[in-house]
Structures are given as structure tokens and as C-alpha cells.
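The values are calculated or read from the model by the stated rules, or taken from the named source; none is laboratory data. Note that the coordinates shown come from a computational prediction; the quantities given were computed from them, not determined experimentally. Cβ placement follows ideal geometry from the backbone for every residue including glycine, while neighbour counts extend to all protein chains displayed. Just so you know, the surface numbers come from the protein's heavy atoms only, side chains and all, with ligands and any DNA or RNA stripped out. Shrake-Rupley method; radii C 1.70, N 1.55, O 1.52, S 1.80 Å.
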Amino acid sequence: MNTILKTEKLRVEFKTRQLGKATTKVALNGLDLAVQAGEVFGFLGPNGAGKTTTMNVLLGFIQPTGGAAYLFGIDVRQPIARQRIGYLPELTYYYKFLNAEEILRFYAKIFKIPNAEAEKRIDFVLKLVELQHARKRLIKTYSKGMQQRVGLAQALINNPDLLILDEPTSGLDPVGRMKVRSIIQRLKNEGRTVFFSSHEMGEVETICDRIAIINNGELKAVGSVSEISSQHGANLEKAFLDIIGFQPEAVA
């Protein structure tokens with residue numbers, strides 16, 4: 001199979017100060033990942049495990065301290081590696097005085113998409129995320145779920161082969177989560193590769209081909225949901241807690 005996303009012994013360190021003393025925090029420690037073309041790959045871990053740091057390396061926002069990362073076989077240190085990806089951050093912000101069409105035209109210009117092609121792409125992605133009826137409404141009138149779907153639309157405007165989504169259903173109600181899951185499933189059916197982080201075990205079980213679980217910057221498990229669940233003799237949530245070594249406090 002064609003490997004779309006790969007990390008090799010990826011390491012990221014940050015310099016911090018605690019109580020006036022310089023210290024080093026290891027955010028990623030020798031992370032090895034491989035995501036294949038056409039997969040929906042879930043990236044799981046508790047807060048602070050290193051998920052967003054990994055994405056930031058892939059996106060070129062931060063440089064690794066050691067190891068390497070590749071997109072489509074190209075080192076992520078080269079900007080050309082990111083021409084075929086779309087990205088949705090966990091926290092999105094769009095100018096509230098613009099409507100969906102205007103926002104998508106702005107992103108199309110960033111990707112230097114010709115005007116005629118951009119209009120076709122805007123029609124397509126708005127239909128995909130079910131916002132064609134609200135395309136001329138100001139973003140400030142959108143619900144949280146609608147704003148998240150605008151975010152997905154902008155991540156798709158350049159017709160990417162790989163989507164990197166950071167907590168795409170964070171803060172959404174059940175209807176909003178269902179709609180985002182449906183969009184991801186449709187993208188999978190089109191042959192796109194989706195790499196996303198999530199704390200929602202239900203959606204991970206529903207749509208992921210494989211998952212990876214990290215904790216304290218280290219890979220703890222990788223495989224299909226059924227493989228990991230059967231290895232631990234439990235559902236995914238219980239297996240996840242076991243893998244990261246969570247111990248509930250005793251109730252007095």
C-alpha cells in the first residue's frame with residue numbers, strides 16, 4: 001500500500017522554565033507512524049500526549065528536534081510536501097462579517113486556484129458539508145456546528161489527498177458530530193486519506209480503519225479498533241484507559 005504520512009523516531013523538545021530554572025520538556029519521544037492511502041486514521045491520547053505537536057510538525061509549524069516526518073514521501077521541512085493537504089485546527093476563527101462564499105474565495109486565492117475553478121470548488125464543498133442553503137449568510141449567524149463545517153469546507157477547497165483534522169467534533173452537539181462523521185465517511189468513500197485526533201471514542205469506533213494511541217509523547221498501541229479491543233478484552237474506551245495507565249482514584 002502507498003504510505004501517505006510517515007514519522008520515523010520523531011522527537012520534539014521544548015525549553016521551559018519552572019521555578020526560575022531552565023528545563024527541557026519532551027513532547028514527542030521516538031514516534032513512529034505510518035498512514036496508508038485511503039485510510040481514516042484516528043490519533044488518540046490524553047491531553048498533553050503530543051497529538052497537536054505531531055500535527056504541528058507535519059504542517060511545518062514547528063521543527064522536530066530529531067527524527068523525520070514525511071508527507072507523500074517528501075520531508076515535511078520542504079513546503080512542497082504540504083501542497084496536497086487540507087487542515088482543520090481544533091479552534092477555528094473566521095471573520096464574522098464574511099459569508100461562507102467569501103471565506104472560501106479567500107482560501108482559493110491563497111492556493112492560487114483560477115476563479116472559474118474556484119467557483120466550481122466552492123459549489124462542490126458547500127454541497128458536501130450541507131451548507132449551500134446558508135452560503136450567503138454571515139458567519140456570525142452560524143451555529144458552532146455550521147462553523148465547524150465551514151472549516152471542513154476550507155480544508156477541502158484545494159481538493160487535497162490528505163486531510164489533517166484536529167478534534168473535528170470538539171464542542172459539537174450530537175447532531176453536529178453525526179454530520180461531521182458523515183462527511184468524513186463520504187471523504188473516505190472518495191478515496192481521501194483522513195488523519196484526525198479525537199477524544200470521542202464512539203466516533204473513532206464508527207469511522208476509523210486504524211488508530212494509534214500515544215501517551216507522554218510515546219506510541220503505546222497501533223492497529224484496528226477490533227484488534228486493540230480484543231487484545232485488552234474490553235471496549236475501546238476501557239482499552240484506551242488501560243493502555244495509558246489510568247488509575248481511577250478510590251472513592252472514600
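Counting only residues that are surrounded by 15 or more Cβ atoms within 10 Å (Cβ to Cβ), in a loop (DSSP other than H, G, I, E, B) and either more than 19 Å from the chain's Cα centre (by Cα) or without any contact (Cβ under 8 Å) to a residue 40 or more places away in the chain (or both), how many does segment 55-64 have?
Final tally of qualifying residues: 1.
Among the residues of segment 207-231, count how many are open to solvent by less than 70 Å² (accessible area, probe 1.4 Å) and in contact with a helix residue (DSSP H, G or I) (Cβ under 9 Å, 6 or more places away or on another chain).
The number of residues fulfilling the criteria is 14.
Could you please give the count of residues in segment 28-44 that are crowded, with 22+ Cβ neighbours inside 10 Å and over 15 Å from the mean Cα position of the chain (by Cα)?
Matching residues across segment 28-44 total 2.
I'm trying to understand the selection: among the residues of segment 184-206, which are under 14 Å from the mean Cα position of the chain (by Cα) and either at positive phi or open to solvent by less than 10 Å² (accessible area, probe 1.4 Å) (or both)?
Those that are under 14 Å from the mean Cα position of the chain (by Cα) and either at positive phi or open to solvent by less than 10 Å² (accessible area, probe 1.4 Å) (or both): Ile184, Leu187, Thr193, Val194, Phe195, Phe196, Ser197, Ser198, Glu203, Val204.
Considering only residues that are among the charged types (D, E, K, R) and either out of contact with any Phe, Trp or Tyr (no Cβ under 7 Å at 6 or more places or on another chain) or modelled with pLDDT under 95 (or both), which ones fall in segment 1-46?
Going through segment 1-46, the residues among the charged types (D, E, K, R) turn out to be 6, 8-9, 11, 13, 15, 17, 21, 25, 32, 39.
Residues satisfying the conditions are Glu8, Lys9, Arg11, Glu13, Lys15, Arg17, Lys21, Lys25, Asp32, Glu39.
Report the residue count in segment 125-148 for those that are loosely packed, with under 15 Cβ neighbours inside 10 Å, in a helix (DSSP H, G or I) and in contact (Cβ under 8 Å) with a residue 12 or more places away in the chain.
Total satisfying the criteria: 2.
Go through segment 150-181 and give me each residue that's open to solvent by 60 Å² or more (accessible area, probe 1.4 Å) and either modelled with pLDDT of 90 or more or acidic (Asp, Glu) (or both).
Selection gives Asn159, Asp161, Asp173.
Do we have Val180 as assigned to a strand (DSSP E or B) and farther than 17 Å from Tyr107 by Cα here?
For Val180, the condition - assigned to a strand (DSSP E or B) and farther than 17 Å from Tyr107 by Cα - is not met.
Restricting attention to segment 72-106, which residues are open to solvent by less than 80 Å² (accessible area, probe 1.4 Å), assigned to a helix (DSSP H, G or I) and either farther than 16 Å from Leu131 by Cα or small (Gly, Ala, Ser) (or both)?
Ala81, Arg82, Ala100
Go through segment 169-217 residue by residue and tally those that are farther than 22 Å from Ala234 by Cα and either of a type outside the set (S, T, N, Q) or in contact (Cβ under 8 Å) with a residue 12 or more places away in the chain (or both). Walk me through it before giving the result.
Filtering segment 169-217 for residues farther than 22 Å from Ala234 by Cα gives 169-196, 216-217.
If we keep only those that are either of a type outside the set (S, T, N, Q) or in contact (Cβ under 8 Å) with a residue 12 or more places away in the chain (or both) too, we end up with 169-181, 183-188, 190-196, 216-217.
Here the count works out to 28.
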